[in-house]
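Below is one structure, written out as structure tokens; the observations come after it.
The values are calculated or read from the model by the stated rules, or taken from the named source; none is laboratory data. The shown structure was predicted, so the numbers you read here are calculated from the model rather than taken from an experiment. Note that we place each Cβ from the backbone using ideal geometry, even for glycine, and neighbour counts take in every protein chain shown. Only protein heavy atoms, including side chains, enter the accessible area calculation; ligands, DNA and RNA are left aside. Shrake-Rupley method; radii C 1.70, N 1.55, O 1.52, S 1.80 Å.
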Amino acid sequence: MPKLIIAGRPNTGKSTLFNALTGTRDALVHDRPGVTRDVISGNMRGYAWTVVDTAGLENAKSGIAADSTNMAIDAIASADAVLFVVDGRVGLTPADMDWARILRRKTRVPVLLLANKSESGKRMADIHEFYKLGFGAPATVSAEHKTGFDAIYDFINKIAPDAQNDNTANNTPQKLKIAILGQPNVGKSTLVNYVLGEKRQIVMDAPGITRDTVKIPTNFYGRDIILMDTAGLRRKAGVTDDVETLSALKSLDAIEKSDVVILVVDATKNIENQALGIASRVYDAGKILCVALNKWDLVAPEIRDEKLLKLKHQFTNSFHQIIKPLILAISAETGTGVKNMFRRIYEQWDTSNTDAPTSLINRIIEKLIDARQPPMSRLKRPMKIKFARQTGRHPMKITINVGGASDIPESYTRYLRRGLADALNWQHLPIVIEYKKDENPFDDK
């Protein structure tokens, strides 16, 4: 699909415009300038265009601002069209002039100049000043109020008349969505860059670099996927900035929107309760979890086996929803173990999309009952497990019809869950067992 790049200096409303055009809240919006750091893309609502939000263009020679600006310039160079956003209230600034020159130098594609924040004509600056930028008359829009967008639609319709109301996405297979989560500075963006084969995400030896949840379609190890790089999650006590709070909420929201979560942890350090808390959210959401022990190459070889065993015990003992946590050692920096990790993830995803035959489930349950009878209820009534079937995926859900008493203790449920997982090769998948009481038709007679 053609790319529509949103560019401009900081705090002109580019992220608000991105959210309005895509019909999402994927881009983090805040009054503070410079909040967006990475390149964020999404599908334009009603059009076969990819919309790309970029960091505010800044005159910086080093640091995060320089990296963000260079990535924005690279995105501009790959554009099929550009929306150059200026602030209609503030008026023309020297920074606008500087970046107009960069646009003319870096791209030859059509550019539409947008004077944003123009919902109130009384508060507008002299609109004619913007003619000096060399892109003709500015279109007045309000990204916040979604007004003036006809100029944008007319602009892209002239470039690609057949790109409106694209429905092909409905006929294509759903791509596997993989969210990358973890605490700050554990190597999430390094892992994303390795998978992409390019420096798409900013990587620095400091926490809090990634702020938005960045969704990146790619193909890795033979499969089309969408990677979701997220902001680092810290303990609540350590979060005092409202931008970081919004970033954390977006990271947690990525769990619900993903199919698989890769929880990246620093293998050179001990697992903190924060990482276990993230894992708990993933399991509760019924998602597949893979714990990536990053920086494994920095762990001394003589302690690796002991450390891996300790971590597996820690996760296994912390969560009853999973039988055997998928914990794999990798190095995002060198790529060691990364392909194997994705191979294992693909295997689990394919397994999770299957339905186990009802007859097989019932045979497994019968064998488990023969080996260990259900305990008596609190009222000393026998529990009779009659029939079982799979009733859901993601998580794998087994519904068991029971007669007599139905207050089956959690310890016996864990026994059944483990037996089913071992027999069906579901050890790494979240499994839910629910009981359905068989009603006695003679109770009301």
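When you scan segment 345-354, do you find a residue that is of a type in the set (Val, Ile, Thr), at pLDDT below 95 and under 27 Å from GLN174 (Cα atoms), even just one? Yes, some residue in segment 345-354 is of a type in the set (Val, Ile, Thr), at pLDDT below 95 and under 27 Å from GLN174 (Cα atoms).
Residues in segment 161-172: is at least one of a type in the set (Asp, Glu), part of a helix (DSSP H, G or I) and either open to solvent by 30 Å² or more (accessible area, probe 1.4 Å) or modelled with pLDDT of 90 or more (or both)? Within segment 161-172 (the criterion being of a type in the set (Asp, Glu), part of a helix (DSSP H, G or I) and either open to solvent by 30 Å² or more (accessible area, probe 1.4 Å) or modelled with pLDDT of 90 or more (or both)), the answer is yes, since at least one residue qualifies. Criterion applied to LYS269, LYS307 was being over 30 Å from THR24 (Cβ atoms), out of contact with any helix residue (DSSP H, G or I) (no Cβ under 6 Å at 6 or more places or on another chain) and in a loop (DSSP other than H, G, I, E, B), and the one residue passing it is LYS269.
All conditions in (1) part of a loop (DSSP other than H, G, I, E, B); (2) modelled with pLDDT of 85 or more hold for VAL192, with the sole exception of (1).
So which residues in segment 322-353 are open to solvent by 30 Å² or more (accessible area, probe 1.4 Å) and closer than 18 Å to ASN425 by Cα? LYS324, ARG343, ARG344, GLU347, TRP349, ASP350, THR351, ASN353 - these are the residues of segment 322-353 that are open to solvent by 30 Å² or more (accessible area, probe 1.4 Å) and closer than 18 Å to ASN425 by Cα. Remark: pairs (first residue in segment 71-87, among the charged types (D, E, K, R); second residue part of a loop (DSSP other than H, G, I, E, B); Cβ separation under 6 Å; 6+ apart in sequence or on different chains) = ASP80/PRO2; ASP80/VAL109; ASP87/THR12; ASP87/LYS117. Listed by first and then second residue, the pairs with beta-carbon distance under 8 Å, at least 6 apart or on different chains, first residue in segment 313-328 and under 15 Å from GLY277 (Cα atoms), second among the hydroxyl-bearing types (Ser, Thr, Tyr) and modelled with pLDDT of 80 or more, are SER318/SER280; PHE319/SER280; PHE319/TYR283; GLN321/TYR283; ILE322/TYR283.
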